[in-house]
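Only one structure is covered here, and it is reproduced in the block below.
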Amino acid sequence: MPSSSMSAKYAIYKSDNEIRAKGPIGDDAPMRLRMEAFVKDLQKRICEGIEEMDGKGKFIRTEWQRPEHGGEGITCVMPGGDVMEKAGAAVSVVYSELSPEAVRQMREDRGRDIDVDGVVPFFVTGISLVMHAKNPNAPTVHLNYRYFEVMNPDGTPKLWWFGGGADLTPVYLYEEDAVYFHQIYKEGCDKIDKTLYPELKKACDKYFWNGHRGEARGIGGVIFDDFNSRPAEEIFQLCKELGNRFLPSYVPIVKKRNAMPFDDEMVRWQQIRRGRYVEFNLIWDRGTKFGLATPCARVESIMMTMPLTARWEYMHEPEPGSREAELVEVLKNPRDWIPLK
């Protein structure tokens, strides 16, 4: 027999499906359904925009279900094109349960007095994407926006938070690209609150730190996690504002860099940097760890962010004074690309 919490989870899942079946999700719907609708629409628009930019590559769209647990997902992967070597954008909708131990851990991590007994239902939805260009002059980009909710038996939220952001990982440093990328997201943050960008920029530098290497994964961007210190409506608006800035923040940079010449040595360096990217995702990334630990995890969707090719060379160090060394210097000492005030 299913536990009472599992019964509650399926009752909430059924109730949510009834709302979905009625048509477009309105502003009066639960936040979890509004966020789900947004990330699905964002995924569609981003894939269309990248296909238009690439000119040749097309996303392979896979829809999958979690029949034993509740939920679904949409994974879109472009295995190759004229511009993109590999691009992926995945949306997931997950209904599951938290064990008492997980609840205790959450209470310690987030400083909350979560009064629950037994296994409790939770919901998470989000979009995650990574895009790896062919040309080493063009950067890799990452985006993630998600909403997490621990639910009462009647479907109302007991605990909720948002997370997400976007960051840029160049192979070769172009300072004007770093400034441009950060400026786009600063303007988005400023529309909500001008104190946000400095906070989210610093959080991004801290999070995407490859501790075992003593260097950042890239030149940063903005990120927030476990974010519930502001009203949910305000944070939802922030997710939408920043999410909608992905295409204008990335496409112009790739268009500018894609036509630049490159050689085999530049591709070799690109693959070495991709190796560091993989190291971060597998060792430090919380999203990867959470996804793999979730019951009925779809591993192909979690790993679709990995590059098509990567390289590890023993004791590799760039030549002093080289463009490669210039990038490493910035990664070891993150910069403020635009004024924080």
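What follows draws every value from the coordinates through simple rules; no lab data is involved. Keep in mind it's a predicted model, so treat the numbers as computed, not measured. Cβ atoms come from the backbone with ideal geometry, glycine included; neighbour counts cover every protein chain shown.
Run the numbers for E176 and D263: contour at 0.36 nm per residue of separation, minus the present Cα-Cα distance, in nm.
Separation in residues times 0.36 nm, less the Cα-Cα distance, equals 29.1 nm.
May I ask for the percentage of alpha-carbon pairs in region 224-341 that lie more than 23 Å from each other?
Result for the distance tail: 56 percent.
Less than 10 Å Cβ to Cβ from M35, Lys/Arg counted +1 and Asp/Glu -1: what total charge do the surrounding residues give?
Result for the local shell: +3.
What's log10 of I(q)/I(0) for the chain at q = 0.07, 0.15 Å⁻¹, Debye sum over Cα points only, no solvent?
-0.30, -1.31
Give me the distance in nm between label points sitting 7 Å out from Cα along the Cα-to-Cβ direction at I283 and A37, one decimal.
In this crude spin-label approximation the distance works out to 4.3 nm.
Distance from the Cα centre of region 270-315 to that of region 12-49, in angstrom?
28 Å
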